[in-house]
Each structure stands twice: as C-alpha cells, then as structure tokens.
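Have a look at the structure below before the remarks.
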Amino acid sequence: MDWNILFLLNSILLGVGLAMDAFSLSIANGLNETKMKKNRMCLIAGVYGLFQFAMPMIGWFCVHTILEYFVMFSRFIPWIALILLSWIGGKMIIEAFKTPSSSDESLVEETLCNREKLTFSVLILQGIATSIDALSVGFTISDYDFLQALICSVIICTVTFAICIFGLILGKKIGDHIKSKASILGGLILIGIGIEIFAEAFV
C-alpha cells in the first residue's frame, strides 16, 4: 500500500475497531476503582495500547514466516479470550458480593474504598485477552512492508490509549453513582466481552 491519506484513515479506523473491547474493559475498571489517579489511568491505557500494538505486529511476522502454525493457533484465540475474561469478570462479581449490604453507609463506603485494586498481573491478562484477536490483523496488513506495518501498529496503539483513557474516566463517573453495584456491572461487562469475542469467531 502507498503512503497516503487512505493508509492513515485505514489505520485509525482499524485502531478504533480493535479498541472497542479495551474501551469496555476500561469502563469496567473505572467502575471498580472510582478513585483511580491519572498516572494509574495512563498505566492501564498504556498497557492496553502496548498489547494492541504488539499483536498486529506479531500477526504480521507470523504471516510472513510461520503462516501454517499461526492459522492453527488462531483457532484457540476465542477460547483463550473467553476463559481469561470470564475468570477476571467472575472474580470481580464475587468480590462485589462480599461488600456489606447493611444500612451502615460508613461501613459500605470503607469497604468500597478498600476494594481490591487491579493488580499488574491481572492487567497483563486483561491486555492479552482483549488484544489477542488482533493477531488476525496480521492477515489484514500482510501486504504492508515492515515500516508500514510498524506505523499502522503505532497508530492503533495511540488510538487505543486515547479511547481507553476516555473509558476509564466514564467508568469512574458512573461508578461514583452506582457504588456497590459497580463491581457487578464491571464483571458482567468483562464476561460479556469474552462471550462476544467467542461468538464472533463462529458467525
């Protein structure tokens, strides 16, 4: 493909499409951690962006090197995403039901503030789960040379970062209003993303 406005537009649209799962996940994380600080938001969005950058590049390399094995592995992608996101989402829902349901507002508020935060290991799992389907983008950009594939992946990363920051902000604002139900909703969103990725593979 030539270097032109169409290349840029295609890369941006590809980034928007790939970022939707990460956007939903960002809302879920914002719901679960309404007091999240800016540097933590940047870390979370940055990890999602990094994986959305890495997966298309890995896919591009696989298409140009070990295509046969890549096609075999791609069959397991929906299962991996479903299992990871269902596990993480289920854990969030279980944690939510540990929150006191009593009328003591101060006790509820304290429990919500002490709710388990997103750990780095879980963040990495989330990043993998929401970006693993982007491996197939290696087919989409297989006609690009290395530099074009790299620039396209950088644009996807940048778009994902911006969209995820917006998702985290949105989740925090919603979470402030629904309080104890935030983790349940967040967990359901994660499970829903996993089911959606799984279902799309068989449509």
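Can you find a residue in segment 16-39 that is under 15 Å from Ser153 (Cβ atoms), touching a residue at least 12 places away in the same chain (Cβ under 8 Å), of a type in the set (A, V, I, L, M, F, W, C) and not in a helix (DSSP H, G or I)? No, segment 16-39 contains no residue that is under 15 Å from Ser153 (Cβ atoms), touching a residue at least 12 places away in the same chain (Cβ under 8 Å), of a type in the set (A, V, I, L, M, F, W, C) and not in a helix (DSSP H, G or I).
The sole residue among Phe120, Phe61, Phe76 that is open to solvent by 40 Å² or more (accessible area, probe 1.4 Å), out of contact with any helix residue (DSSP H, G or I) (no Cβ under 8 Å at 6 or more places or on another chain) and modelled with pLDDT of 85 or more is Phe120. Suppose the filter is of a type outside the set (D, E, K, R), buried (at least 17 other Cβ atoms within 10 Å of the Cβ) and touching a Lys or Arg at 6+ places or on another chain (Cβ under 9 Å); does Met41 pass it? Criteria met by Met41. Residue count for segment 36-51 under the criterion of being in contact with a Leu (Cβ under 9 Å, 6 or more places away or on another chain) and of a type outside the set (Ser, Thr, Tyr): the result is 7. Out of Val137, Val154, one residue alone is open to solvent by 50 Å² or more (accessible area, probe 1.4 Å), of a type in the set (A, V, I, L, M), on the phi < 0 side of the Ramachandran plot and assigned to a helix (DSSP H, G or I). It is Val154.
Ser102 - would you say it is under 14 Å from the mean Cα position of the chain (by Cα), at pLDDT below 90 and of a type outside the set (A, V, I, L, M)? For Ser102, the condition - under 14 Å from the mean Cα position of the chain (by Cα), at pLDDT below 90 and of a type outside the set (A, V, I, L, M) - is not met. The residue of segment 157-177 that is farthest from the chain's Cα centre (by Cα), among those that are open to solvent by 60 Å² or more (accessible area, probe 1.4 Å) and under 10 Å from Thr34 (Cβ atoms), is His177.
When Phe70, Phe97, Phe53 are checked against the criterion of being open to solvent by 60 Å² or more (accessible area, probe 1.4 Å) and farther than 18 Å from Val122 by Cα, a single residue qualifies: Phe97.
The values are calculated or read from the model by the stated rules, or taken from the named source; none is laboratory data. Note that the coordinates shown come from a computational prediction; the quantities given were computed from them, not determined experimentally. Because the Cβ atoms are built from the backbone with ideal geometry, glycine has one as well, and the counts that use them run over all protein chains shown. Accessible surface areas use protein heavy atoms only, side chains included; no ligands, DNA or RNA. Shrake-Rupley method; radii C 1.70, N 1.55, O 1.52, S 1.80 Å.
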